[in-house]
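*Asks:* Please read through the structure below; I'll follow up with questions.
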Amino acid sequence: MTRGRILLVDDDPDLRLSTAQSLDLAGFDVTDTDQPEDVPALIGFGFNGIVVTDIRMPKLDGISLMNQIHAIDREVPVILITGHSDVQLAVRAMREGAHDFIEKPFSGSQLAETCARALDYRRLVLENRVLRAAAGQKDDLEQRLVGRSNVMIDLRRRMRTIGPAETDVLITGETGTGKEIVARALHDLSARAAKPFIAIDCAALPEAQIESELFGHEPGAFPGAMRARYGRFEHARGGTVLLDDIGSMPLAVQGKLLRVIQERTIQPLGSNEVRPVDIRFIATSRSPLEAEVEAGHFRADLFYRLAVVSLTVPPLTARREDIPLLFARLLAEAAGRHRVEPTMPAPALVEALLGRDWPGNVRELRNAAERSALGLGIEAPSEQPDSGPAPGSRLSDRVAAFERDEIVRALIASGGTLKQVYESLGLSRKTLYEKMQKLGIDKSHYTDG
């Protein structure tokens with residue numbers, strides 16, 4: 001039994017080899033790579049290891065890699081390997097979330113001790129998550145897909161059923177609704193969570209190279225193919241492949257993809273060898289694929305193969321009651337990124353948010369939160385958070401507006417917990433209910449479950 005899993009990232013082949021050997025001798029399960037851009041695909045909420053990375057690399061520096069990892073799971077420990085001149089940079093990285101750093105030259109025992117502490121922390125994180133779930137507390141899925149609307153509750157319920165299954169999945173939803181978040185969550189809910197999650201943007205793949213990218217190739221398969229190359233499907237061995245915007249995939253490639261899905265085998269370009277692949281496929285589409293099938297742009301047999309299980313991610317217009325909580329969460333995250341003091345959204349701003357259609361959905365709402373965190377507003381004509389009541393309005397109207405703003409602020413701050421609201425405002429429970437009814441305040445817009 002090993003002491004734990006370590007992903008080692010370093011572009012220096014000699015240092016990487018010697019470090020990997022040292023950690024291996026110390027009893028750790030080590031995977032080393034000089035491709036930092038591939039590492040986030042190996043990380044998920046179920047990742048049971050740590051990442052050790054050099055801070056200076058040409059393709060992607062260690063701090064940028066750490067930020068990408070923490071966008072997936074903030075509690076994955078990242079240890080930075082630094083040179084003497086990088087210590088100040090490493091200290092700044094510690095403030096931004098690095099678990100630890102170790103300065104070159106370091107001994108094998110020193111690194112092993114640092115890694116052992118980080119792995120103990122990671123094990124504790126994972127154990128606490130299991131205990132919280134067993135106690136009926138909010139799980140990671142509820143944290144990643146915020147919302148108490150019926151459509152979101154139903155989506156999460158279906159995901160918990162579908163995630164552990166081995167079936168392929170088709171996810172549909174408008175632009176910006178969070179289809180990739182759903183796909184990654186399905187992966188993390190499965191037995192494949194510790195294996196790679198490879199996202200492929202079908203619309204961005206160059207048509208001339210798409211087969212090589214997906215299936216790989218042998219030397220001499222085409223001009224410029226000087227050596228063998230693994231395709232994305234082989235890189236995902238044991239894990240999950242996300243085919244993002246699958247409707248944009250050329251028809252000729254769709255036929256070959258169908259064969260892979262049916263037979264779970266691939267044939268690299270220029271090779272007669274058929275190789276088995278253990279992959280789960282998840283595909284996404286911005287619009288229902290039935291229309292593409294009818295128009296002759298998408299193969300019906302591939303559609304029916306993928307759509308055995310399907311999920312629809314609702315747009316914000318179908319769950320407006322989730323907007324205040326979701327915006328508050330995104331605003332807090334944006335404030336943390338920009339190192340500004342987090343604030344609660346003003347009631348007038350919440351009203352403005354609820355009145356918009358958000359064609360870009362959660363992605364557009366996230367951009368609005370970024371602007372708001374920086375004090376730039378959300379570019380909504382109706383937004384007047386600090387304008388106060390109109391001049392000349394009656395005193396009773398001003399008092400009602402003030403009371404409404406204070407109650408809404410308290411609801412947002414408490415996540416809709418009424419006991420905290422009436423205690424913080426010095427009201428009785430009955431008085432709070434009466435005021436909310438009189439002022440037209442709907443608690444469901446602010447409840448956090």
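Values quoted throughout were computed directly from the atomic coordinates according to the rules given, and no laboratory measurement underlies them. A quick note: this is a predicted structure, and the numbers were derived from the prediction, not measured. Cβ placement follows ideal geometry from the backbone for every residue including glycine, while neighbour counts extend to all protein chains displayed.
*Asks:* Please compute the modelled spin-label separation between VAL308 and LEU418, points set 7 Å along Cα→Cβ, answer in nm with one decimal.
*Replies:* Inter-label distance under the simple model: 4.7 nm.
*Asks:* Additional query: How high is the FRET efficiency from VAL91 to GLN68, r the C-beta distance, R0 25 Å, rounded to 0.05?
*Replies:* 0.75
*Asks:* Right, next: Express the relative contact order of region 1-68 as a whole percentage, based on alpha carbon pairs under 8 Å and six or more residues apart in sequence.
*Replies:* Once normalised by length, the contact order is 39 percent.
*Asks:* Counting only helical runs of four or more DSSP H residues, what would the 222 nm mean residue ellipticity of the chain come to if each run contributes -39,500 (n - 2.57) and the total is spread over all its residues?
*Replies:* Computed ellipticity for the chain at 222 nm equals -13500 deg cm²/dmol.
*Asks:* Between rounded, prolate and oblate, where does the chain land on the alpha carbon gyration tensor, with a ≥ b ≥ c its root eigenvalues, rounded for a/c under 1.5, else prolate if a/b exceeds b/c?
*Replies:* Taking the square roots of the gyration eigenvalues as a ≥ b ≥ c, the chain is oblate.
*Asks:* Quick one, could you list the DSSP H helices from the chain stretching 27 Å or more along their long axis (Cα atoms) with average Kyte-Doolittle hydropathy of -0.5 or above?
*Replies:* Helices meeting the criterion: 108-134, 395-414.
*Asks:* What FRET efficiency comes out for the pair ASP140/GLU263, r = Cβ-Cβ distance, R0 = 25 Å, nearest 0.05?
*Replies:* 0.15
*Asks:* Find the eigenvalues of the gyration tensor of the Cα atoms of region 275-357, then list the square roots of 5 times those eigenvalues as equivalent ellipsoid semi-axes, largest first, in whole angstrom.
*Replies:* The equivalent ellipsoid of region 275-357 has semi-axes of 39, 19, 10 Å.
*Asks:* Divide the volume of the convex hull of the Cα atoms of region 209-346 by its number of residues and quote the answer in cubic angstrom per residue.
*Replies:* Convex hull of Cα atoms, per residue: 178 Å³.
*Asks:* List the residues, sorted by chain then number, that are 5 or more residues from SER310 or on another chain and whose placed amide H is less than 5 Å from its amide H.
*Replies:* The answer is LEU170.
*Asks:* At a Förster distance of 30 Å, what's the computed FRET efficiency of ARG329 paired with GLU294, Cβ-Cβ distance as r, to 0.05?
*Replies:* Rounded to the nearest 0.05, the efficiency is 0.15.
*Asks:* Ok, one more. Can you give the extra length, in nm with one decimal, that the chain gains between GLU37 and LEU17 once fully stretched, where that is 0.36 nm per residue apart less the Cα-Cα distance?
*Replies:* Result for the pair: 5.3 nm of gain on full extension.
*Asks:* Under the rule a/c < 1.5 gives rounded, and otherwise a/b versus b/c splits prolate from oblate, where does region 5-134 land using the Cα gyration tensor?
*Replies:* Prolate.
*Asks:* Run the numbers on region 5-134 and let me know its relative contact order in percent, using alpha-carbon pairs under 8 Å that are six or more apart.
*Replies:* 23
*Asks:* Fully extended, how many nm does the chain gain between ASP301 and VAL151 (0.36 nm per residue separation, minus their Cα-Cα distance)?
*Replies:* 51.1 nm
*Asks:* Residues with amide H under 5 Å of THR265's amide H, sequence separation 5 or more or different chain, H placed in the peptide plane at 1.01 Å from N; which?
*Replies:* When sequence neighbours closer than 5 places are left aside, the close amide H contacts are VAL277.
*Asks:* By how many nm would the segment from ASN48 to ARG3 lengthen if fully extended, with 0.36 nm per residue of separation less the alpha-carbon distance?
*Replies:* Here the answer is 15.1 nm.
*Asks:* Using a 7 Å offset from the Cα along the Cα-to-Cβ direction at both ASP442 and ARG337, what is the distance between the two label points in nm, to one decimal?
*Replies:* Each label point is offset 7 Å from its Cα along the Cβ direction, giving 2.9 nm.
*Asks:* Specify whether the C-alpha gyration tensor of region 55-214 places it in the rounded, prolate or oblate class, a ≥ b ≥ c being the square roots of the eigenvalues: rounded for a/c under 1.5, otherwise prolate if a/b is larger than b/c and oblate if not.
*Replies:* Cα axes put region 55-214 in the oblate bin.
*Asks:* Could you pull out every residue, at least 5 positions away or on a different chain, whose amide H is within less than 5 Å of the one on PHE101? Hs are placed 1.01 Å off N in the peptide plane, and Pro or chain starts have none.
*Replies:* Amide H to amide H, under 5 Å and 5 or more residues apart or across chains, PHE101 pairs with LEU80.
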